[in-house]
1. Looking at residue 14 and the list (1) under 18 Å from residue 87 (Cα atoms); (2) modelled with pLDDT of 95 or more, which single condition is not satisfied?
2. Mind listing just one residue for me: the one in the stretch 12-40 that is farther than 20 Å from residue 93 by Cβ and in contact with a helix residue (DSSP H, G or I) (Cβ under 7 Å, 6 or more places away or on another chain) and, of those, surrounded by the fewest Cβ atoms within 10 Å (Cβ to Cβ)?
3. Quick check on residue 49: is it in contact with a strand residue (DSSP E or B) (Cβ under 8 Å, 6 or more places away or on another chain), closer than 20 Å to residue 101 by Cα and surrounded by 13 or more Cβ atoms within 10 Å (Cβ to Cβ)?
4. Quick test for you: out of 89, 65, 73, pick the one residue that is in contact with a helix residue (DSSP H, G or I) (Cβ under 9 Å, 6 or more places away or on another chain) and either surrounded by fewer than 15 Cβ atoms within 10 Å (Cβ to Cβ) or assigned to a helix (DSSP H, G or I) (or both).
5. Answer with yes or no whether residue 78 is exposed (fewer than 15 other Cβ atoms within 10 Å of the Cβ) and at pLDDT below 95.
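The values are calculated or read from the model by the stated rules, or taken from the named source; none is laboratory data. What you are looking at is a predicted structure, and each value in this text was computed from that prediction instead of being measured. Reconstructed Cβ throughout: ideal geometry from the backbone, glycine too, with neighbour counts over all protein chains shown.
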């Protein structure tokens, strides 16, 4: 399953809830978009949670949202960047998608 998170982890617990579910699913992927990309920041409050997740799920971030927030040089190693075409490819690759609102 592809889990898509768009809300800032500083505003609500959506990312935490998503990770609790995704970490128990074989083959799960997580895509951070919009303000959720703040969770991908090195030395950020969510770095340890994301690094732990990287060992169990594939983690992606939408590159245009990373760029829009000036985070190009601060992304946690291991997170794969995708453009809009890559976003579409991820949706097509996964039989199920869950948007976490």
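1. Tallying (1) under 18 Å from residue 87 (Cα atoms); (2) modelled with pLDDT of 95 or more, residue 14 fails exactly one: (1).
2. The selected residue is 34.
3. Working: in contact with a strand residue (DSSP E or B) (Cβ under 8 Å, 6 or more places away or on another chain): no; closer than 20 Å to residue 101 by Cα: yes; surrounded by 13 or more Cβ atoms within 10 Å (Cβ to Cβ): yes.
The answer is no for residue 49.
4. 65
5. The answer is no for residue 78.
Here is a yes/no grid of residues against (1) free of Cβ contacts under 8 Å to residues at least 40 places away in the same chain; (2) more than 11 Å from the chain's Cα centre (by Cα); (3) part of a strand (DSSP E or B):
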{"site": "3", "(1), (2), (3)": "no, no, yes"}
{"site": "12", "(1), (2), (3)": "yes, yes, no"}
{"site": "19", "(1), (2), (3)": "yes, no, no"}
{"site": "25", "(1), (2), (3)": "yes, yes, no"}
{"site": "38", "(1), (2), (3)": "yes, no, no"}
{"site": "43", "(1), (2), (3)": "yes, yes, no"}
{"site": "53", "(1), (2), (3)": "yes, no, no"}
{"site": "56", "(1), (2), (3)": "yes, yes, no"}
{"site": "59", "(1), (2), (3)": "yes, no, yes"}
